[in-house]
1. Please give the length that would be gained between Phe16 and Thr76 if that part of the chain were fully extended, namely 0.36 nm times their separation in residues minus their C-alpha to C-alpha distance (nm, one decimal).
2. Write down Rg/Rh for the chain, rounded to two decimals, with Rg from the C-alpha atoms and Rh from the Kirkwood relation over Cα pairs.
3. Tilt of helix 2-15 relative to the longest C-alpha principal axis of the chain, in degrees (0 to 90, nearest 10)?
4. Nearest 10 degrees, 0 to 90: what angle lies between the long axis of helix 59-82 and the longest principal axis of the chain (Cα atoms)?
5. Determine, from the Cβ-Cβ distance of Val26 and Asn1 and an R0 of 25 Å, the FRET efficiency 1/(1 + (r/R0)^6), rounded to the nearest 0.05.
6. From largest accessible area down, sort Leu30, Leu63; use a 1.4 Å probe on the protein chains.
7. Using only Cα atoms and rounding to the nearest 10 degrees, what angle (0 to 90) does helix 23-44 make with the longest principal axis of the chain?
8. When all protein chains stay in place, what accessible area (Å², nearest 10, 1.4 Å probe) is found for Asp45?
Amino acid sequence: NSMARMVLQFGVVTSFATALPSAPCVALILNLLEMRIDARKMMHDRRRPVPEAADGIGVWLDLVDWFGFLCIVINTGLIVFSTNTFEDYSNRDK
């Protein structure tokens, strides 16, 4: 559940970073705040979790890679279609 939320946040923040450049900073502040709240809960409200060995993050790494590629396409599209950078070129040059 927590990993799904983090991967989704990564996808949304990186997808629209060109439209809202402050989104990564806001996400960082919210993640730091959430870490502090979770640490406080672990220290005072709950028992210590049992550590478990893991080889990595599993299928989530594939999703993060896929989101990375998709975000490049989305940001490129946002830049091309929302700015007038390419209006000076003729149809042959495009």
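1. Value of the extension gain: 20.6 nm.
2. Result for the chain is an Rg/Rh of 1.17.
3. 20 degrees
4. Result, in degrees: 30.
5. With a Förster radius of 25 Å, E is 0.70.
6. Leu30, Leu63
7. On a 0 to 90 degree scale, this one is about 10.
8. 120 Å²
The values are calculated or read from the model by the stated rules, or taken from the named source; none is laboratory data. The model shown is predicted, which means the values in this text are computed figures rather than measured ones. Neighbour counts run over all protein chains shown; Cβ positions are idealised from the backbone, glycine included. Note: areas computed on protein heavy atoms with side chains; ligands, DNA, RNA excluded. Shrake-Rupley method; radii C 1.70, N 1.55, O 1.52, S 1.80 Å.
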